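Single-structure report; data block below.
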Ligand SMILES: CC(C)(COP(=O)(O)OP(=O)(O)OC[C@H]1O[C@@H](n2cnc3c(N)ncnc32)[C@H](O)[C@@H]1OP(=O)(O)O)[C@@H](O)C(=O)NCCC(=O)NCCS
């Protein structure tokens, strides 16, 4: 559920965020305040992300290329046509055409040839016949930024949320977070409550998106770490700490005023972060 449903938009605020790189089971973290500097321009060629996770940042306020509508499938064009506001339509086209263009580069096919299928809970994935090496992806968007996570042969989920201070974090935590998370949040210094709430939110949602279960997996049935500047991890799933250790979380430094996380079911050696033109 997008957090936009819980109040008005506000100006974004900056805070230090953590990039976590997983090396086997080890997590190394470093703090950055100018996180945008970590995103490289698109390389001329992309290689298959064996053992890696590639993150692509897409600016949704940039106009989509003229031919973007043409590479969408008929059902995507239909969906684009249903948006009431042109801004929303244009952001959807920019996001979906970027996804198609990126996947086309990894798969060596034309962007308009990409075929998606959807799981019972709506998670888009590549059709098997087009995807012999098991490329996986997930998409998230909030305000004017989208993230596209791409990995090889691993279940993957990504979530980004714009940080806003006009939400009742205590009420939302009570509604969506586990008891363990609520206790941990309350124990943090007041100044950390807002970034901790959003860190917790994106960590949880990236896990749900990796499983593809969406809301069919109860949010209180698992707990993530809550400190926004300390290593992200799933602490337990239905009381089982070992089950939590089967999943690997990393926080992403995307832009001032945003919180974001990626979750995969396989250890990965690094994150490569790129800007999508
Ligand atoms: C889709 C869902 C998984 C995430 O929705 P969201 O946060 O509003 O949106 P995001 O921008 O992060 O992700 C949307 C994208 O996820 C992908 N997606 C759709 N269903 C998905 C699913 N079941 N699993 C993973 N990804 C999914 C799609 O690519 C979609 O992009 P599109 O709309 O352009 O097609 C949502 O249905 C959901 O169930 N969210 C969890 C609810 C919640 O209460 N979370 C609280 C966190 S504590």
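Just so you know, all these numbers are worked out from the coordinates, no wet-lab data involved. Treat the numbers as computed from the prediction; the structure is a model and nothing was measured. Don't worry about glycine lacking a Cβ; one is built from the backbone with ideal geometry, like all the others, and counts go over all protein chains shown.
Okay, here's what the table says:
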quantity	calculated
Where labels lie 7 Å past Cα in the beta-carbon direction, separation of residue 133 and residue 168 in nm	5.0 nm
Residue with peak Gaussian network fluctuation, the chain [Cα springs, cutoff 10 Å], from 229, 251, 240	240
Förster radius 25 Å - calculated FRET efficiency between residue 216 and residue 78, Cβ distance, rounded to 0.05	0.45
Beta bridges by DSSP in the stretch 33-275, antiparallel share as percent, to the nearest 5	80 percent
Neighbour-count ranking [beta-carbon atoms within 10 angstrom, fewest first] of 274, 258	274, 258
Ascending count of other beta-carbon atoms within 10 Å, so fewest first, for 207, 116, 85	85, 116, 207
Kirkwood Rh, angstrom, the stretch 148-271 [1 / mean 1/r, Cα pairs]	14.4 Å
Extension gain (nm, one decimal) between residue 113 and residue 238, 0.36 nm per residue minus Cα-Cα	40.9 nm
Estimated [θ] at 222 nm from DSSP helical runs (n ≥ 4, -39500 (n - 2.57)) normalised by residues in the chain, nearest 500	-8000 deg cm²/dmol
Gained length - residue 48 relative to residue 105, 0.36 nm times residue gap less alpha-carbon distance	19.6 nm
Extension gain (nm, one decimal) between residue 120 and residue 86, 0.36 nm per residue minus Cα-Cα	9.3 nm
Exposure proxy ranking, count of Cβ atoms within 10 Å, fewest first, for 221, 69	221, 69
Globularity ratio of the stretch 190-258, using Cα Rg and 2.2 N^0.38 Å	1.10
Where Rh is the Kirkwood radius over Cα pairs, Rg/Rh for the chain	0.95
Percentage relative contact order, the chain, counting C-alpha pairs under 8 Å, at least six apart	29 percent
Choice from 151, 108, 134 with maximal GNM fluctuation in the chain (Cα, 10 Å cutoff)	108
Most mobile listed residue (233, 199, 184) in the chain, GNM with C-alpha springs under 10 Å	184
